[in-house]
1. Collect the residues in the stretch 358-405 that are touching a helix residue (DSSP H, G or I) at 6+ places or on another chain (Cβ under 8 Å) and under 12 Å from Gln438 (Cα atoms), keeping them in residue-number order.
2. Have a look at Arg538, Arg517 and point out the one that is outside any helix (DSSP H, G or I), closer than 30 Å to Ala633 by Cα, of a type in the set (D, E, K, R) and in contact (Cβ under 8 Å) with a residue 12 or more places away in the chain.
3. All but one of (1) closer than 23 Å to Tyr284 by Cβ; (2) free of Cβ contacts under 8 Å to residues at least 60 places away in the same chain hold for Phe64, so report the exception by its number.
4. Among the candidates Ile410, Ile421, single out the residue that is under 20 Å from Tyr613 (Cβ atoms), of a type outside the set (Phe, Trp, Tyr) and at pLDDT 95 or above.
5. When you go through Leu448, Leu425, Leu395 one by one, which is the residue that is out of contact with any Cys (no Cβ under 8 Å at 6 or more places or on another chain) and assigned to a helix (DSSP H, G or I)?
Amino acid sequence: MNYRPEIDGLRALGLLAVIFAHAGFAAFDGGYIGVDIFFVISGYLITKVILREYAEGRFSIGRFYARRVRRILPALFFVLFCTIPFAWMWLLPDAYEQFSKSLMAATLSLSNIYFLRNTGYFSPETAEVPLIHTWSLGLEEQFYLLFPLLFLFRLKIRTIFSIVLALALGSLLLSEAGSRFFPVANYYLLPTRVWEILLGSICAFQVFGKDRRTSDVLAAAGLSLVILSIFLFDPSLNIPSLVALLPTGGTALILLFASQTSIIGRILALSPLVWLGRISFSAYLWHQPVFAFWRIRSPEPPSTIVMCGLIGLVLLLSALSWYFVEQPFRGQRVRFTKLACAACALAVGLVGFGAWGDVKEGLPSRLPNNVREFVDRTTWNDHCLFQREDGIPALPSMECMFNIGSGRTIAVWGDSIGASISPALQEEFKRRNIGMVQLTHGFCAPILGVSVARDEGAANCEEFNRRALDYLAASNVETVILSASWVSFLTAPYMQIDSEVYANGAIPLQAIADNLRETVQRLEATGKQVVIVYPAPRFDKPVVDLMASRMLRGDPAPSFEFSKADFEANTGRAYQLLNSGLPQDVSKVLPEQLFCDPTSKGGCYFGLDGVAYIADRGHYTRAGAERIAAAVADELFGADGITGSIPLPLN
């Protein structure tokens, strides 16, 4: 097969798009479509090789798999092994357990399925997941396992092309439906992604056995579509779907119509781009672990200068692994039997090591005793937090009713933040011989007619809220406490308001405020007192990680300070919503009065003297929840001496 340097240049474009997007460069928000570019290129090159061998009567599925093993496994296994020491040193037990599971999944080509079940690709947490990027390798390897089976039945090439075309069209239509109704599965799974790879295959069929016609105009149009997609797309756009035809169609036009003699071909064949294209597989493997481990280790988000330095490190590591790992195995210098035996042994080792970390729940014994004890107690409560997979429960659930029959009853209505403060509230009310009912559902703020859209976790939210309000209106509950992840709620990519879906940049805040006011007024119309817990910030890194890392550096009782200015910037939009949507008579609990120094513009303490008040990025620990519960009690009953405030250090 004639070498086309412009294809390596196209690979380089996809690689840079992915790396810059994962580096957090805002101009490259659409850089994730670099993976879509890779898929089309892979389908094109793989199919060209198969078609040539098939037409010559020498196609062998065993030889095909052997080439894939030589191409993928040496570099993949090498990078996986290199991530293990850093995970061992720097990951806390929960994160290490998840890393161990992802290590097994990456080894077995099941990463896309694992991350579908555990991680949303665009959630902030994924920036610190070292192996999240291996989902695309798992998907490609699943394709490589199945696609050559089409050529085992000695069908005519025209017949195979018809099958490929039908599969591609079916997958494209399925992905469009998936982008609307099951976007996470749509993103990760082969049935809705395979059309992108098959688009490359269709290009290969089109040029097979004939002279390829070049066109500067069509190649330029293709490059324009790819570049526009990188700069105009953003994570709120559900991909794959019909709109993904822009970058993938652009890639197809380049494959079909660019050449070394065309202007676009000469641009893509520039030496730096070709070099990047050649090391692109290693660079793709290296970039996410390097970025993730730096973010995990650093207490602050990396600056642009730091990220540029890390990109340089990625390219250096990639060049070394391309030369010393990829190249020796891609040729015939290493016999395939030896390579296959070594790959099997390494796979067993990686899976076994991952299973050890999984079974031992993240191997907490790796950590010093004081750090391990701190991590063990820095958790948040999720009891009675219903999730989508639980279905829509009958409300109230008996297991979520506490000290009922005492006389007075108070309800907590909200999402996971409400769940995290509920045990402390339950204890606070029990001391006063007051019952409590907990009505909490993940991804579900307590606002009628408003929910996060196109997120499977929030699928039952509107019905849950309707049932919660119906129960509260008919019950003898005297007071309803509303608590939610207000900051996270307003950063959702899509919001549904009264059956209308809005993308994040177009979400009408006033419409949400109006629905919130209506919700509160309907509660008050049935005689309920309403208390709302305002938000604490949503942190870039888990507080437990920040404080544990300081303990590992020798601070036995660290604190975690967050500036008042950052507090106000982080929570400002949520405060705007609540302030404009709540009636004047609603009681408010303000976290800045509990965690911030009231005498200055100085610090807010969400961890103090070795005690964390936030467990992860937003959920209260028991210690933090006790502060909220004490403030709620003071709001409801006055400062009666039953609970006391906890002093903050004054600077």
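1. Asp382, His383, Cys384, Leu385, Phe386, Leu395, Pro396, Phe402, Asn403
2. Working: Arg517 fails: outside any helix (DSSP H, G or I).
Criteria check complete, one pass: Arg538.
3. (2)
4. Details: Ile410 fails: under 20 Å from Tyr613 (Cβ atoms).
The unique qualifying residue is Ile421.
5. Numbers: Leu448 fails: assigned to a helix (DSSP H, G or I); Leu395 fails: assigned to a helix (DSSP H, G or I).
Result: Leu425 is the single residue among Leu448, Leu425, Leu395 that is out of contact with any Cys (no Cβ under 8 Å at 6 or more places or on another chain) and assigned to a helix (DSSP H, G or I).
Table: residues versus (1) open to solvent by 10 Å² or more (accessible area, probe 1.4 Å); (2) free of Cβ contacts under 8 Å to residues at least 60 places away in the same chain.
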position: Phe161; (1), (2): yes, yes
position: Ala177; (1), (2): yes, yes
position: Arg180; (1), (2): yes, no
position: Asn186; (1), (2): no, yes
position: Leu198; (1), (2): no, no
position: Asp216; (1), (2): yes, yes
position: Leu228; (1), (2): yes, yes
position: Ser241; (1), (2): no, no
position: Pro247; (1), (2): no, no
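Yes or no, residue by residue, for (1) in contact with a Ser or Thr (Cβ under 6 Å, 6 or more places away or on another chain); (2) without any contact (Cβ under 8 Å) to a residue 40 or more places away in the chain; (3) among the basic types (Lys, Arg):
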| site | (1), (2), (3) |
| --- | --- |
| Ala75 | yes, no, no |
| Ile84 | no, no, no |
| Trp88 | no, no, no |
| Leu92 | no, no, no |
| Leu110 | no, yes, no |
| Ile113 | no, no, no |
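For every residue, the table says whether it meets (1) open to solvent by less than 20 Å² (accessible area, probe 1.4 Å); (2) hydrophobic (A, V, I, L, M, F, W, C).
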{"position": "Val274", "(1), (2)": "yes, yes"}
{"position": "Ile279", "(1), (2)": "yes, yes"}
{"position": "Gln288", "(1), (2)": "yes, no"}
{"position": "Arg295", "(1), (2)": "no, no"}
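The values are calculated or read from the model by the stated rules, or taken from the named source; none is laboratory data. Small disclaimer: the values here were computed from a predicted structure and weren't measured. Positions of Cβ are generated from backbone atoms using ideal geometry, with glycine treated the same way; all protein chains shown enter the neighbour counts. Please note that ligands, DNA and RNA were not included when accessible areas were found on the heavy atoms of the full protein model with its side chains. Shrake-Rupley method; radii C 1.70, N 1.55, O 1.52, S 1.80 Å.
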